[in-house]
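See below for the structure under consideration.
The values are calculated or read from the model by the stated rules, or taken from the named source; none is laboratory data. Computed from a predicted model, the values in this text were never measured in an experiment. Every residue, glycine among them, receives a Cβ derived from its backbone with ideal geometry; neighbour counts consider all protein chains shown. The area values use the complete protein model at the heavy-atom level, side chains included, leaving out ligands, DNA and RNA. Shrake-Rupley method; radii C 1.70, N 1.55, O 1.52, S 1.80 Å.
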Amino acid sequence: MTKRQPRADRLDPGTVVAAALRLLDGQGLEAVSTRAVASLLDVRMNTVLWHVKTKSRLLELMADAIVGEISLDGLPEAAPERVRELMRRYRSALLRHRDGAALVAGTYAAEPATLRFSDAVLAALMSGGASAREAAWTLTAMVYFTLGLTQEEQGMAEADEARLRAAVAAGSYPALSEAAGHLTEGTFDERFEDGLDRVLA
């Protein structure tokens, strides 16, 4: 007897995206595909494609869903601390999902949650005296910095620091030799806060 498949109208994009995020958290970004999501939902792949069209579109919606987890409530009144708190919440949302930073960094999600978050950061920067252009470029710098640092945090193996030290010691890199210890010192939390201070200085 042939197993009856759910109809496309019994799903919605949100259900598909939620399933894709479960797949991401369980198996990582490389495992995410429309076929794998269909298998998880026990539907045909065409049913998933009906709602998300392409894998690229699925990834965009997933990235926006991750940013959508950021609460914009209870933010500090003072502009500088409000900006910092928004970026802390952004990083926390990325860290809640396996390969979250790699997923978001690989998409251009001009979607509602991402736009709301960007608008909140820009508003905080401009309320602190930045021009629209200054705010836009500062937002870009902070987002790229946060994505890069968080991607490293999520993907870094314990052996990476030893490999760096060995590689520097094996060559002629005088400046690196002097500074190598500082490149890996401190926690990622400390590096994140220091980086924000430098961008916002």
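Annotations
- What a 1.4 Å probe finds exposed on the chain is 53% carbon and sulfur by accessible area, rounded to a whole percent.
- Sequentially through the stretch 165-175, phi angles give Karplus couplings (6.51, -1.76, 1.60; θ = phi - 60°) of 4, 5, 5, 5, 5, 7, x, 9, 10, x, 5 Hz, Gly and Pro residues having no value and appearing as x.
- Rg to Rh, two decimals, where the stretch 78-120 supplies the alpha carbon set and Rh follows Kirkwood: 1.00
- Rel. contact order, % - alpha carbon contacts under 8 angstrom, at least six apart, the stretch 31-119: 32 percent
- Estimated dipole of the chain in Debye, rounded to 20 [Cβ of Lys and Arg +1, of Asp and Glu -1, Cα centre]: 1220 debye
- Solvent-accessible area per residue, Å², over the stretch 1-108 with all protein chains present [probe radius 1.4 Å]: 55 Å²
- Pairwise inverse Cα distances across the chain, averaged and inverted, put the Kirkwood hydrodynamic radius at 19.1 Å.
- Exposure of residue 150 as accessible area (Å², to 10), given a probe of 1.4 Å and all protein chains: 0 Å²
- The Cα center of the stretch 155-201 and the Cα center of the stretch 37-66 differ in position by 38 Å.
- For the stretch 184-199, Karplus couplings with θ = phi - 60° (6.51, -1.76, 1.60), whole Hz, Gly/Pro x: 10, 7, x, 8, 5, 4, 5, 5, 5, 5, 5, x, 4, 4, 5, 5
- Loop-located GluC sites (Glu not before Pro) in the stretch 92-201, at most 10 other Cβ atoms within 10 Å (DSSP): 158, 185
- For residue 118, the solvent-accessible surface computed with a 1.4 Å probe is close to 30 Å², ligands and nucleic acids excluded.
- Across the stretch 97-111, coupling constants 3J(HN,Hα) worked out from phi with the 6.51/-1.76/1.60 Karplus curve, θ = phi - 60°, read 10, 4, 6, x, 5, 5, 5, 5, 5, x, 10, 10, 8, 7, 10 Hz, and Gly and Pro carry x.
- Distance in nm between pseudo-label sites at residue 57 and residue 119 (7 Å out along the Cβ direction from Cα): 2.4 nm
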